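To start, the structure itself, in structure tokens.
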Amino acid sequence: MRYEAVIGLEVHAQLVTKTKMFCSCSAAYADAPPNSTVCPICLGMPGTLPVANKRAIDFTIMTGLALGCTIPEWAKFDRKNYPYPDLMKGYQISQYDAPLCINGALTISLPDGTRRRIGITRVHLEEDTARLLHRVDASGEAHSLIDVNRAGTPLMEIVSEPDLRTPEEAKLYLQKLRRILRYLGVSSGNMEEGSFRCDANISLRPVGETAFGAKVEIKNMNSFASVERALEYEIARQTDLLERGERIPQETRGWVEDKGYTVGQRSKEHAHDYRYFPEPDLPPVVIDRAWVERLRAQMPELPDEKEQRYRTVLGLSDYDAKQLVADRRTAEYFEQALAASSAGNGRAKALANWIINDVNSVLNARGIEIDAFPVRPEGLNELLDLVDSGALSVKIARDVFARMVETGRSATAIVEEQGLRQISDDTIVLQAIDAAMAENPKAVEDFRAGKTAALDFLFGKVMKATRGKANPQLTRRLLSEKLGSS
Amino acid sequence: MAGDNKGDRAKQNGRTSSTIPPRAAAGVSDGLLDEGYAWTDAPHRPGAGYTWSMSLTRDDVLHVARLARLGLTDEEVERMQGQLSLILEQFETLRRLDTEQVPPTFQVFATTNVFRDDEPRPSFPVDDVLQNAPLREGDYLRVRAVLEE
Ligand SMILES: [Zn+2]
């Protein structure tokens, strides 16, 4: 029997606010000494009053809008109760039945061009937990240390419908979702650092069946690759069980990265008895339409719209448009260079080529982001000005570019300093041609005898004599004239 | 260390309303919530985990005590069984009222939209933060081993 996987994803994204969700402590916990960004509110002391961070709510609503969600007229916060030492209060403030965003969708494009619409159930806001460090002391006693810094920092949860069918779709969904969050500037989306976390729900059912099978939740996946691998593993494991006529128990399994398998987690007793109830300390959030529209107006152009504009307005190929929008900062770099271009949108294709090939290969080689790239957009544009004006051949422009990357100096400065300016003066080029012909009479004869390849040979000699600076089109034209005329 | 964090006190940012909008106004349908959230799965909802019109069982009491991390003696379990059942009976009486047209009360205060601007303020010194910790190790709170999830 053939089975199909039914996959839903829950993503937790840390928001890039300056402060925590319900108090004014700094949210920058990553480099802070332990327990240094803590106050009575995020410590859960009795008698304190949480107050919601406006920016975190704005970010969440914006995310909902980007995902085509409905933004309800009002939302509220609820307490989710469970006893665990990473929760200072014994409960987490979350949102239960009145989240900030509901009923959205995200469309992914598969490599074969198929587009799949993945429903978004909800986007809501909650607070992150404290960090636990597990230690064993000198006497061999295992214990845990708590750093409260992360507790109370804003966490946005994005829940998909069980609309995904393959591990590849899951990966594409996550990549696209992360790209949207990065474009919005609401989350760094860094999976390895835990600012973008993903849990997956997966069940199998015979192809054609509409009912769902028993749902297995997978945790502990900390890269896109591990999500894909964990789901592949789980499909194989469940298929095997089903084929042997066994039942699949509903459970939570942890992905073990270095071993490449999932393992059942000891189910916490009563783990799902969260006893949600409305958070009495936080008044409901009433979201009037003016607020929603204000946020909508602040939203940047999103990757899909951008990609389409690159194709239709700038005339870029599908491939080029996709490559440029894949990373928000690359798209920004491209647009800044284009804005500086004296040739206007006519330079879009050339800039796209330079960025996708030359810039990206340096980024890959050096392992840096485009923000740290030594040649700024204006500088790249200046280099292309020199090419378009005929001052540089594309070949020499590549050498100049390499020097720019190395030295951080401008294209013009490097060209002047090294005398690289292209020779477009007829007289000088003709001198070089005459010299080449005088030194290679055999080639001249060959050409006149019908061996056209001899022209390329002489062309090479001229270029060599001018250290590649002779304008190639001009050289070729003058050389043909010269060989044909005498 | 009752904190003087009055700066976090509400800045009234929005309009106030005396009625909190009903659940339906949020566009939240019962079909919206996935399994983890569904009312029907939540044992604290009427009709799900507990039997309303009958007395609580001994197991119900032990379950609730466990969730609250309370150790009860046999005598206390019996007493709580009676007292908690009585409370539920009162709710059973209330439940007979027709509340179809009454919006649920999530909050007893008529305020909405109390927010802070995203401006950091100093946190507390680590010694104050750890003042009530039963055990301290360096600048961390120390607790008994917690099982890795
Ligand atoms: Zn705090």
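The values are calculated or read from the model by the stated rules, or taken from the named source; none is laboratory data. This one's a predicted model, so the numbers in the text were calculated from it and none came from an experiment. Cβ placement follows ideal geometry from the backbone for every residue including glycine, while neighbour counts extend to all protein chains displayed. These accessible areas exclude ligands, DNA and RNA; they are computed on the full protein's heavy atoms, side chains included. Shrake-Rupley method; radii C 1.70, N 1.55, O 1.52, S 1.80 Å.
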In the neighborhood of residue A:381, defined by Cβ-to-Cβ distances under 15 Å, what is the net charge if each Lys or Arg adds +1 and each Asp or Glu adds -1? -4
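Assuming 1.567 mPa s and 4 °C, estimate D for segment A:3-290 with Stokes-Einstein, Rh taken as the Kirkwood radius over Cα pairs, in µm²/s. Spell out each step's value before the answer.
Numbers: Rh = 20.2 Å.
Roughly 64 µm²/s, to the nearest whole number.
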Once ligands and nucleic acids are excluded and a 1.4 Å probe is used, how much of residue A:23 is accessible, expressed in Å² to the nearest 10? 0 Å²
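Using the structure shown, list the pairs from A:20/A:219; A:461/A:482; A:219/A:259; A:89/A:219; A:20/A:176; A:349/A:395 with a Cα-Cα distance above 19 Å, or answer none.
From A:20/A:219; A:461/A:482; A:219/A:259; A:89/A:219; A:20/A:176; A:349/A:395, over 19 Å: A:20/A:219; A:89/A:219; A:20/A:176.
Ignoring any ligand, DNA or RNA, what whole percent of the accessible area of segment A:3-290 comes from carbon and sulfur when the probe is 1.4 angstrom?
Details: 5130 of 10540 Å².
It is 49 percent, rounded to a whole number.
Provide the net charge surrounding residue A:89, with neighbours chosen by a C-beta distance below 12 Å and charges set as Lys +1, Arg +1, Asp -1, Glu -1.
Numbers: positive: A:79, A:80; negative: A:86, A:127, A:279, A:281.
Combined, the nearby Lys, Arg, Asp and Glu give -2.
Using a Förster distance of 45 Å, how high is the FRET efficiency between residue B:98 and residue A:107, based on the Cβ-Cβ distance and rounded to 0.05? Don't skip to the answer; put the middle values down first.
Details: r = 45 Å, r/R0 = 1.00.
According to the calculation, E is roughly 0.50.
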Here D for the protein assembly as shown, in µm²/s, from Stokes-Einstein with a Kirkwood Rh over Cα pairs at 25 °C and 0.890 mPa s, works out to 83 µm²/s
Most positive-pole-ward Cα, A:239, A:70, A:290, against dipole of the protein assembly as shown from beta carbon charges: A:290
How far is it, in nm, from the label point at residue A:482 to the one at residue A:2 when both lie 7 Å from their Cα along the line to the Cβ? 6.8 nm
Loop-located GluC sites (Glu not before Pro) in segment A:195-243 whose Cβ has at most 15 other Cβ within 10 Å (DSSP): A:209
Kindly provide log₁₀ I(q)/I(0) values, in the same order as q = 0.16, 0.25 Å⁻¹, from the Debye equation applied to equal alpha-carbon scatterers of segment B:70-149. -0.94, -1.20
Please calculate how many Å² of accessible area segment A:93-194 carries per residue, with a 1.4 Å probe and no DNA, RNA or ligand atoms counted. 32 Å²
The long-range amide H neighbours of residue A:213, using H built 1.01 Å from N in the peptide plane and a cut-off of under 5 Å, are A:204
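Give me Rg/Rg_expected for segment A:426-485, where Rg uses Cα atoms only and Rg_expected = 2.2 N^0.38 Å with N residues.
0.98
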In segment A:169-217, what is the volume of the convex hull around the alpha carbon atoms, normalised per residue and reported in Å³? 100 Å³
Additional length obtainable on full extension of the chain from residue A:232 to residue A:407, 0.36 nm per residue less Cα span: 58.3 nm
Which value, in Å² rounded to 10, gives the accessible area of residue A:240 with a 1.4 Å probe and all protein chains present? 70 Å²
For segment A:31-47, state which residues have at least 10 Å² less accessible area in the presence of all protein chains than in their chain by itself, taking the probe as 1.4 Å and leaving out ligands, DNA and RNA. A:34, A:35, A:36, A:38, A:39, A:40, A:41, A:43, A:45
Mean accessible area per residue over segment A:286-337 (1.4 angstrom probe, all protein chains present, square angstrom) is 51 Å²
Scan segment A:221-260 for trypsin sites (Lys or Arg not before Pro) in coil per DSSP, keeping those whose Cβ has at most 10 other Cβ atoms within 10 Å, and list them by number. A:244, A:247, A:259
Under Karplus coefficients 6.51, -1.76 and 1.60, residue-wise ³J(HN,Hα) of segment A:120-132 in Hz, glycine/proline x: 10, 5, 6, 10, 9, 10, 8, 10, 7, 9, 6, 9, 10
Sparse-neighbourhood loop hits (GluC sites (Glu not before Pro), segment A:249-332; DSSP loop; Cβ within 10 Å at most 16 others) -> A:257, A:269, A:301
If you put +1 on each Lys and Arg Cβ and -1 on each Asp and Glu Cβ, how big is the dipole of segment A:301-418 around its Cα centre, in Debye rounded to 20? 200 debye
In degrees between 0 and 90, to the nearest 10, how far off the longest principal axis of chain A does helix A:224-243 point, with axes built from Cα atoms? 60 degrees
The alpha-carbon pair-distance distribution computed for segment A:29-123, with 10 angstrom bins and whole-percent values, is 13, 31, 29, 19, 7, 1
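On alpha-carbon atoms, Rg over Rh for segment A:327-486 using Kirkwood Rh? If you can, show how the numbers build up before the last one.
Numbers: Rg = 19.0 Å, Rh = 17.4 Å.
Taking Rh as the inverse mean 1/r over Cα pairs, Rg/Rh reads 1.09.
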Working with all protein chains in place, sort A:329, A:347 by solvent-accessible area computed with a 1.4 Å probe, largest first. A:329, A:347
The orientation-averaged projected area of the Cα convex hull of segment A:288-398, in nm², is 8.4 nm²
Cα pairs beyond 17 Å in segment A:89-151, in percent, come to 66 percent
Run down the aspartates and glutamates and flag those whose C-alpha is under 13 Å from the C-alpha of residue A:306, throwing out any fewer than 8 positions away in its chain. A:318, A:320, A:327, A:332, A:335
With Cα atoms, 0 to 90° folded angle of helix A:377-388 axis to chain A main axis: 30 degrees
Test item: Cα-centred dipole of the protein assembly as shown, Lys/Arg +1 and Asp/Glu -1 on Cβ, debye: 1480 debye
Amide H contacts under 5 Å for residue A:78, placed H, 5+ residues apart: A:94, A:95, A:96, A:279
When the dipole is taken about the Cα centre of segment B:101-143, and only Lys, Arg (+1) and Asp, Glu (-1) are charged at their Cβ, what size is it in debye, to the nearest 20? 220 debye
Using a 10 Å cut-off around each Cβ of peptide A:149-162, what is the average number of partner chain Cβ atoms that fall inside? 1
Considering only the other residues whose Cβ falls under 9 Å of the Cβ of residue A:200, what net charge follows from Lys and Arg at +1 and Asp and Glu at -1? -3
How many Å² of accessible surface get buried when A and B come together, counting both sides, probe radius 1.4 Å, rounded to the nearest 100? 6200 Å²
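Just from its helices, what would the mean residue ellipticity at 222 nm be for chain A, if runs of 4 or more DSSP H residues each count -39500 (n - 2.57) and the sum is divided by every residue, rounded to the nearest 500 deg cm²/dmol?
Rounded to the nearest 500, the figure is -12000 deg cm²/dmol.
Please report the carbon-and-sulfur percent of the accessible area for segment A:301-418; probe 1.4 Å, protein heavy atoms only, DNA, RNA and ligands left out. Mind dumping the intermediate values first?
Details: 2580 of 5470 Å².
Here it works out to 47 percent.
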Helix A:289-298 sits at what angle to the longest principal axis of chain A, using alpha carbons and giving 0 to 90 degrees rounded to 10? 30 degrees
